[in-house]
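Below: the structure, in structure tokens.
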Amino acid sequence: MLSAAQPHTFLGINGDGQVALTQTRGNAFGHLILRGGTQPNYDSVAIAEAEAELAKAKLPINIVVDCSHGNSRKNHTLQSLVLKDVVGQIVDGNRSIKGVMLESNLFEGNQKLGQPQDLRYGVSITDACLGWEATATGLREAALRLKTIPR
């Protein structure tokens with residue numbers, strides 16, 4: 001986050017797909033993504049620990065919670081529970097949580113990459129995902145709960 005906030009030049013790819021030097025004035029809106037690891041790290045204790053570490057490093061206290069990966073124990077059906085918990089923390093007053101990430105596709109689950117004709121359209125070939133309906137329901141419920149926050 002510290003590096004990304006500073007002006008710098010780096011190798012990148014331009015709009016024509018060519019290698020180019022890319023310059024940036026820095027991104028003051030960097031954030032820490034909590035995606036879990038050996039154990040989930042989205043609960044209020046983990047969030048408080050992340051806030052303390054960011055403050056100690058004099059970095060913006062901007063946190064995004066990945067509801068998938070380690071935070072859902074790689075079980076796509078648990079993403080909705082993680083989302084509800086995180087939204088609850090925001091409703092209860094946490095302002096360091098700036099966003100969430102959901103792993104979603106048209107249809108739930110995942111499939112092995114095999115013969116193209118055997119693949120089901122809209123189903124992930126990498127991590128298992130929430131389907132469209134579960135994603136839409138979760139986001140609608142989150143929006144309703146977040147509307148209760150006074151501005």
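The values are calculated or read from the model by the stated rules, or taken from the named source; none is laboratory data. In this text the structure is predicted, and so the values were computed from the model without any measurement. Cβ coordinates were reconstructed from backbone atoms using ideal geometry, including for glycine residues, and neighbour counts include every protein chain displayed.
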Exercise. Are any of the residues in the stretch 37-46 in the same structural domain as Lys84 (by TED's automatic domain parsing), touching a residue at least 12 places away in the same chain (Cβ under 8 Å) and among the charged types (D, E, K, R)?
Worked result: yes
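One line per residue, one yes/no per condition, for (1) over 25 Å from Thr126 (Cβ atoms); (2) exposed (fewer than 11 other Cβ atoms within 10 Å of the Cβ); (3) not acidic (Asp, Glu):
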site: Leu11; (1), (2), (3): yes, yes, yes
site: Gln23; (1), (2), (3): yes, yes, yes
site: Gly37; (1), (2), (3): no, yes, yes
site: Ala55; (1), (2), (3): yes, no, yes
site: Lys58; (1), (2), (3): yes, yes, yes
site: Arg73; (1), (2), (3): no, no, yes
site: Val82; (1), (2), (3): no, no, yes
site: Val100; (1), (2), (3): no, no, yes
Problem set entry | Count of residues meeting criterion [assigned to a strand (DSSP E or B) and within 25 Å of Lys84 (Cβ to Cβ)] in the stretch 1-59 | 3
For this session: Please find, within the stretch 94-139, the residue that is nearest to Asp66 (Cα to Cα) out of those that are among the basic types (Lys, Arg) and within 17 Å of the chain's Cα centre (by Cα).
Result: Lys98
Seminar exercise, completed: Selection over the stretch 60-104 where residues are aliphatic (A, V, I, L, M) and either in a strand (DSSP E or B) or modelled with pLDDT under 95 (or both) yields a count of 6
For this session: Can you run down the residue pairs with Cβ atoms below 6 Å, 6 or more apart or on separate chains, where the first is in the stretch 122-150 and more than 23 Å from Gly93 (Cα to Cα) and the partner is loosely packed, with under 14 Cβ neighbours inside 10 Å and hydrophobic (A, V, I, L, M, F, W, C)?
Result: Ile125/Leu113
